[in-house]
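Here is the structure we will look at, set down as structure tokens.
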Amino acid sequence: MRHIESFMRHLPEGIDAALITSPENRQYLTGMHSSAGVVVVTRNQSYFLIDFRYIEAARERVRGMEVVLLEKMQRQLSEIFARHGVERVGVEESFMSLSDFASYQKSFPTLEFVEKSGVSGVLSALRMRKDEGELRCIRQAQEITDAGFAHILDYICPGRTERDIALELEFFMRRMGSEGTAFDFIVVSGKNSSLPHGVPTGKAVEKGDFVTMDFGGVVDGYRSDMTRTVAVGEIDDEQRRVYDTTLSAQLAALSAIKAGESCAKIDKIARDIIDGAGYQGCFGHGLGHSVGLFIHEEPRLSPGCQAVLEPGVLMTVEPGIYLEGRFGVRIEDLVVVREDGAENLTKSPKKLIVL
């Protein structure tokens, strides 16, 4: 079933139509990336209003809804609303700004725009479970990401800067077919590796450093996400202990993932191992998150998330230990939840690599 048809079937009660303006939800429903455009979904018909820059591509690609050349938005939306007897319009409460909401109310004074319509919640729930078309794109993105890791191992050496490594990763992955970066790549080394979301700097890699790389590719708008930590030259016993503890926590969590388990329980499995090894308070973020058209989607593997994992949900599993001002380790895989376990899309090795 196309995404638009599924959304029409789950259109929240109490509204006659939904107005979709966010880029990710617009692409989810149309199957097409664009920097502009509006999707209107009524109980029995849907429309994609898009300007001249994209109209030819939209007519070729978009299925299951009427594609309309966007010329005069207010007039065209008024005609659609009148045609379907629309009185109450639901908007994406999680995305639409207050100024845009006020603008729509002003432009359509005879209509009621409902800010707490449940539209965002329905779309978020639908997007949690990836269909085979979505998974195909994410698999391809992860294959590019794995290839990037294999490539960068021959590039990392003392004297290379964090910024050099991040750029080399990005250029290689673009050459391999990635549409861009899934997010701003994290490449941190030495003391900087204690920063979970550190930014690549001009710091040069030194012997004895950990180098943590968090990166991902993009295929047809869908993203991958992977983290690996490698050592450059000889490291000390504590660094090895931190690495081994992080890996043990990740492997335990991976083995516990399956449909029906709660997100909080999976997080606790990894967190208990890290805390029990004497690193309580050094794992200050959630164990993972879903990924799709946006790099951080719902649900989350975290202590406060009571959501239950369902088949087809895509999750990262990324425990870390960060010793402030010294070093840090994070290891991250991307998995698909199945009825009896987790399908790991990440193929890069996790045994400690010493370059």
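The values are calculated or read from the model by the stated rules, or taken from the named source; none is laboratory data. Worth saying up front: this structure is predicted, and the values here are computed from it rather than measured. In this analysis, Cβ positions are derived from the backbone assuming ideal geometry, glycine residues included, and neighbour counts consider all displayed protein chains. When the accessible area is computed, the model is the full protein with side chains, heavy atoms only, and any ligands, DNA or RNA have been set aside. Shrake-Rupley method; radii C 1.70, N 1.55, O 1.52, S 1.80 Å.
Relative contact order for the stretch 207-328: what is it in percent, counting Cα pairs under 8 Å that are at least 6 residues apart? If you can, show how the numbers build up before the last one.
Numbers: 206 pairs, mean separation 32.6, N = 122.
Once divided by the residue count of the stretch 207-328, the mean separation gives 27 percent.
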Exercise. What lysines sit close enough to K191 to cross-link, taking a C-alpha to C-alpha distance under 16 Å and skipping anything fewer than 8 places away on the same chain?
Worked result: K203, K207
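State the percentage of accessible surface on the stretch 66-122 attributable to carbon and sulfur atoms; use a 1.4 Å probe and exclude ligands, DNA and RNA.
Values: 1700 of 3380 Å².
C and S fraction of accessible area: 50 percent.
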For this session: Starting from 0 in steps of 10 Å, tell me what percent of the Cα-Cα pairs of the stretch 288-332 lands in each bin.
Result: 25, 43, 25, 7, 0
Exercise. In degrees from 0 to 90, rounded to the nearest 10, what is the angle of the helix 132-153 Cα long axis to the longest principal axis of the chain?
Worked result: 30
Seminar exercise, completed: Checking V313, V187, V114 against a Gaussian network model of the chain (alpha-carbon springs below 10 Å), the top fluctuating residue turns out to be V114
Exercise. Nearest 10 degrees, 0 to 90: what angle lies between the long axis of helix 119-128 and the longest principal axis of the chain (Cα atoms)?
Worked result: 40
Problem set entry | Nearest-ten-degree value, helix 98-107 long axis tilted from longest Cα axis of the chain | 10
Exercise. On average, how much accessible surface per residue is there in the chain, in Å², for a 1.4 Å probe, leaving out ligands, DNA and RNA?
Worked result: 44
Exercise. So, with a 1.4 angstrom probe, what is the percent of accessible area on the stretch 230-347 that is carbon and sulfur?
Worked result: 49
Seminar exercise, completed: Ranking Y54, S107, F81 by how far each Cα lies towards the positive end of the charge dipole of the stretch 40-165 (+1 on Lys and Arg Cβ, -1 on Asp and Glu Cβ), the top one is F81
For this session: Compare the Cα positions of G202, V308, H33 along the charge dipole of the chain (+1 at Cβ of Lys, Arg; -1 at Cβ of Asp, Glu; about the Cα centre) and return the one farthest towards the positive end.
Result: H33
Seminar exercise, completed: In Å, the Kirkwood hydrodynamic radius from C-alpha pairs for the stretch 122-257 sits at 16.1
Problem set entry | Label selected from [x] -0.37, -0.69; [y] -0.47, -0.87; [z] -0.46, -0.79, the criterion being log10 I(q)/I(0) by the Debye sum over Cα atoms at q = 0.08, 0.11 Å⁻¹ as computed here | [z]
Seminar exercise, completed: Taking only the alpha carbons of the stretch 269-355, the radius of gyration and the largest Cα-Cα distance, Dmax, both in angstrom, are 14.1, 42
Exercise. Using mean Cβ contacts within 10 Å as the protection proxy, how do 139-147, 79-87, 12-20 order, highest first?
Worked result: 139-147, 12-20, 79-87
Seminar exercise, completed: Applying a 4.7 angstrom Cβ cut-off across the chain, unpaired cysteine residues come out as C137, C157, C282
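So, with +1 on the Cβ of K and R and -1 on the Cβ of D and E, and no other charges, what is the size of the charge dipole of the stretch 272-336 about its Cα centre, to the nearest 20 debye?
Values: 3 positive and 9 negative charges, 34 e Å.
Value, rounded to 20: 160 debye.
Could you give the size of the charge dipole of the chain about its Cα centre, using +1 on the Cβ of each K and R and -1 on the Cβ of each D and E, expressed in debye and rounded to the nearest 20?
On the way: 41 positive and 52 negative charges, 70 e Å.
I would put it at about 340 debye.
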Exercise. Taking the Cα centre of each part, how many Å lie between the stretch 65-137 and the stretch 253-324?
Worked result: 33
Exercise. Remind me, relative contact order of the chain in percent, using alpha carbon pairs under 8 angstrom and six or more residues apart?
Worked result: 14
